[in-house]
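Before any comments, here is the structure.
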Amino acid sequence: MCGIVGYIGSGQAAPILLEGLARLEYRGYDSAGLAVRDGEHDVEIVKAKGRLKVLSEMTDGGRALRGDCGIGHTRWATHGEPSTENAHPHCSDDRAVVAVHNGIIENYMELREKLIKNGYSFYSQTDTEVAAKLIDYYYKKYRGGPMEALARSMMRIRGSYALAVMFRDCPNEIFATRRDSPMIIGVADGASYLASDVPAILKHTRSVYYVDNLEIARLNRSSVRFCTVDQEAIEKRPVEITWDAESAEKGGFEHFMMKEIHEQPRAVQDTINSLVRGEQIDLSGAGLTDEALRAVRQVHVVACGSAYHAGVAMQYGIEDLARVPVRVDVASEFRYRRPILREGELVVIISQSGETADSLAALREAKAQGADTLAVVNVVGSTIAREADHVLYTCAGPEIAVATTKAYSAQLVVGYLLAIRLALARGTLEPEAGARMLAELRSLPEKIARILEDKERIQWFAAKFSNAKHAFFIGRGLDYAVGLEGSLKMKEISYIHSGAYAAGELKHGTISLIEERTLVVGVLTQDPLFEKMISNMVECKSRGAYLMGLTSYGNYNVEDTADFTVYIPRTDPHFTPSLAVIPLQLMGYYLSVSKGLDVDKPRNLAKSVTVE
């Protein structure tokens, strides 16, 4: 969740590190720090509480720090409150070892006690300081060099980590290792770079190496070497990143989130194009042949946050079209309920980053039980993508705003395509019907663009309700899945308490919370459930609620009940989530803007949750 960068080359390190951290600020932003070294001189460490701009101002944009080798960090606090003392980098007592870290060291208290007994003192509350001093302890005790010190430390640390380390005795090198937290490395033009995510180094190189679990990397000015924890050399090939640096820029929009909302037509189109050949959905590139799909007896969808909501929509589509039972699990609960997986069951892991800690743990649990696994991810070469048996990529490009929009829309599309192909393979959907659905699917980008053209009405409505304290989202069937995502968008970036409920559950307790002027958003795109939804909305209105209706063009009688109505183009009922979610994303965005909040970096949240 924290952001890590590293650089060694012929240029001044600090400005390059700050630039990389700025591109990773969505991963952590309660404090930041740099450690820079100028040849044989001791490392200089500068840290600051708050956003990255505080550190940048302290160092004159990095120009005040001399040196061509350094590491940097933006923090999302886990151990210890946000403070200068707890900010990274952390170092040994004599600054012989300096480190930055992403992850959680579960046995840090045990290690801390061991180090105190061996004469070490501690100035912070962090687990990272323990890691730096543990590495220093083994480096000085065994005198086997940095690689051995790292390897011994890795064997003692329990938990997750991505570590970048500088040693006083190795002035022109940076060392890195990881376990369950992402780390990438690039080499270009006489310089080496490392980071926890691609955008940090994309300006300098599109050719990157992904560090695998329990590997150690040794970077110098023009090359990188990899080895195992047993110090056996590893040959690696770089992966080419297909999107460019401009994709991670705002492109004239005030916020990344609004830019990414407007990129959804392209993200949907590119994802469709990647999985459709001619007039056929083709998943064989991921190993999902029709024969393999016919053998599927049950599907388990496992994900977190918005990806979980995409999974809920996937459940409705697969069960309705392919008649295969689907269970959807929150990833953080999946392995702890001791799931029962049998032959013929497919476990689908959905994750934008491909590094989500709970989803990765669920994937490994599924593989340990012998289940077939499918990853739906946005990042090529990510850990989940590498470890799953099959991979379907969402072609959303880099998503910088913490609140997902285009990646969620691309995940929905993969769910539709999987459901249709599964149904065709099993004979529960006629080829002619499948062709009609595919044609309608291809019309979604244009229909999303039409919704975006009418965003001013949503902006007006959001300004009207910017002081709301509570909101409820209600729907039935797929509309309930849409409500889940709409509610999350509202709460995570506008800080308005909201909840999503299956409308039929209102009378089982929730309706007691409805009072005068409570905002209730009713989603009504499923024609067979339309009248029941109208009844639920009337129940809310009779208790004083202010109703927003979200429905398809043609359902104009919603205006007889709702106080404010938003319309979306008609489409196949299986695909309505892709259209209905757009006004809800816009509403969350405009609520946040009207309240003067930081849209792209909401408090207490990080883009990629790489710790449990």
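Points worth noting:
- Residue match in region 411-418 (condition: closer than 22 Å to residue 357 by Cα and either at pLDDT below 95 or out of contact with any strand residue (DSSP E or B) (no Cβ under 9 Å at 6 or more places or on another chain) (or both)): yes
- Hits in region 255-276 (condition: assigned to a helix (DSSP H, G or I) and open to solvent by 20 Å² or more (accessible area, probe 1.4 Å)): 256, 262, 265, 266, 269, 270, 273, 274
- Residues that are of a type in the set (A, V, I, L, M) and either in a helix (DSSP H, G or I) or modelled with pLDDT of 95 or more (or both) within region 570-602 comprise 579, 580, 581, 582, 584, 586, 587, 591, 593, listed in sequence order.
- For region 555-569, the criterion of being assigned to a loop (DSSP other than H, G, I, E, B) and small (Gly, Ala, Ser) is met by at least one residue.
- Filter pass, residue 233 being surrounded by fewer than 17 Cβ atoms within 10 Å (Cβ to Cβ) and within 30 Å of residue 171 (Cα to Cα): yes
- Matching residues, region 570-586, being out of contact with any strand residue (DSSP E or B) (no Cβ under 6 Å at 6 or more places or on another chain) and either open to solvent by 10 Å² or more (accessible area, probe 1.4 Å) or among the basic types (Lys, Arg) (or both): 571, 572, 573, 574
- Any hit, region 354-369, residues being closer than 30 Å to residue 433 by Cβ and either basic (Lys, Arg) or in a loop (DSSP other than H, G, I, E, B) (or both): no
- Every test in (1) open to solvent by 10 Å² or more (accessible area, probe 1.4 Å); (2) in contact with a strand residue (DSSP E or B) (Cβ under 7 Å, 6 or more places away or on another chain); (3) at pLDDT below 95 is passed by residue 193 save one, and that test is (3).
- Only one of the numbered conditions (1) under 20 Å from residue 180 (Cβ atoms); (2) at pLDDT 95 or above; (3) in contact with a Gly (Cβ under 6 Å, 6 or more places away or on another chain); (4) not hydroxyl-bearing (Ser, Thr, Tyr) is not met by residue 89, and that is (1).
- Region 351-397, subset closer than 20 Å to residue 266 by Cβ and modelled with pLDDT of 95 or more, residue surrounded by the fewest Cβ atoms within 10 Å (Cβ to Cβ): 393
Results for (1) touching a Cys at 6+ places or on another chain (Cβ under 9 Å); (2) under 24 Å from residue 178 (Cα atoms); (3) without any contact (Cβ under 8 Å) to a residue 24 or more places away in the chain, shown as yes or no for each residue.
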| residue | (1), (2), (3) |
| --- | --- |
| 14 | no, yes, no |
| 24 | yes, yes, no |
| 31 | no, yes, no |
| 36 | yes, yes, no |
| 54 | no, no, yes |
| 80 | no, yes, no |
| 101 | yes, yes, no |
| 107 | no, yes, no |
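- Residues that are within 21 Å of residue 166 (Cβ to Cβ), touching a helix residue (DSSP H, G or I) at 6+ places or on another chain (Cβ under 8 Å), open to solvent by less than 40 Å² (accessible area, probe 1.4 Å) and among the hydrophobic types (A, V, I, L, M, F, W, C) do occur in region 23-32.
- Helices (runs of 4 or more DSSP H) lying entirely in region 277-349 (those with 2 or more residues that are among the acidic types (Asp, Glu)): 290-294, 305-322
- Test for residue 139: is it over 17 Å from residue 227 (Cα atoms), among the aromatic types (Phe, Trp, Tyr) and over 29 Å from the mean Cα position of the chain (by Cα): yes
- Total residues in region 196-221, condition in a loop (DSSP other than H, G, I, E, B) and open to solvent by less than 20 Å² (accessible area, probe 1.4 Å): 5
- Considering 224, 187, 198, 211, the condition of being among the β-branched types (Val, Ile, Thr) and in contact with a helix residue (DSSP H, G or I) (Cβ under 9 Å, 6 or more places away or on another chain) is satisfied by 198 alone.
- Residues of region 168-184 satisfying the condition of being part of a strand (DSSP E or B), under 20 Å from the mean Cα position of the chain (by Cα) and surrounded by 23 or more Cβ atoms within 10 Å (Cβ to Cβ): 178, 184
- Pair list, Cβ < 8 Å and 6+ apart or interchain, from region 317-345 residues that are free of Cβ contacts under 8 Å to residues at least 12 places away in the same chain to residues that are open to solvent by 60 Å² or more (accessible area, probe 1.4 Å) and in a loop (DSSP other than H, G, I, E, B): 319/325
- The sole residue among 144, 67, 50, 61 that is on the phi < 0 side of the Ramachandran plot and of a type in the set (Gly, Ala, Ser) is 144.
- Check on residue 596, open to solvent by 10 Å² or more (accessible area, probe 1.4 Å) and on the phi > 0 side of the Ramachandran plot: yes
- Boolean, residue 74 is in contact (Cβ under 8 Å) with a residue 60 or more places away in the chain and part of a strand (DSSP E or B): yes
- Enumeration of residues in region 426-457 that are of a type in the set (D, E, K, R), open to solvent by 50 Å² or more (accessible area, probe 1.4 Å) and assigned to a helix (DSSP H, G or I): 426, 432, 436, 446, 450, 456, 457
So that you can scan it fast, the table gives a plain yes or no per residue for (1) out of contact with any helix residue (DSSP H, G or I) (no Cβ under 7 Å at 6 or more places or on another chain); (2) in contact (Cβ under 8 Å) with a residue 60 or more places away in the chain; (3) under 18 Å from residue 485 (Cβ atoms); (4) among the β-branched types (Val, Ile, Thr):
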residue	(1), (2), (3), (4)
513	yes, no, no, no
517	yes, no, no, no
533	no, no, yes, no
551	no, no, yes, yes
556	yes, no, no, no
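- Given (1) in contact (Cβ under 8 Å) with a residue 24 or more places away in the chain; (2) under 28 Å from residue 450 (Cα atoms), number of the condition residue 253 does not satisfy: (1)
- Screening residue 407 against (1) part of a helix (DSSP H, G or I); (2) open to solvent by 10 Å² or more (accessible area, probe 1.4 Å) leaves a single unmet condition, (2).
- Residues (modelled with pLDDT of 95 or more and more than 26 Å from the chain's Cα centre (by Cα)) located in region 317-344: 319, 320, 321, 322, 323, 324, 325
- Close contacts from region 286-302, counting a first residue that is within 16 Å of residue 317 (Cβ to Cβ) and a second that is among the β-branched types (Val, Ile, Thr) and modelled with pLDDT under 95, with Cβ to Cβ under 9 Å and a gap of 6+ residues or different chains, come to none at all.
The values are calculated or read from the model by the stated rules, or taken from the named source; none is laboratory data. Owing to the predicted nature of the structure, the values given are computational and were not obtained by experimental measurement. In this analysis, Cβ positions are derived from the backbone assuming ideal geometry, glycine residues included, and neighbour counts consider all displayed protein chains. Ligands, DNA and RNA are excluded from the accessible area calculation, which covers all protein heavy atoms including side chains. Shrake-Rupley method; radii C 1.70, N 1.55, O 1.52, S 1.80 Å.
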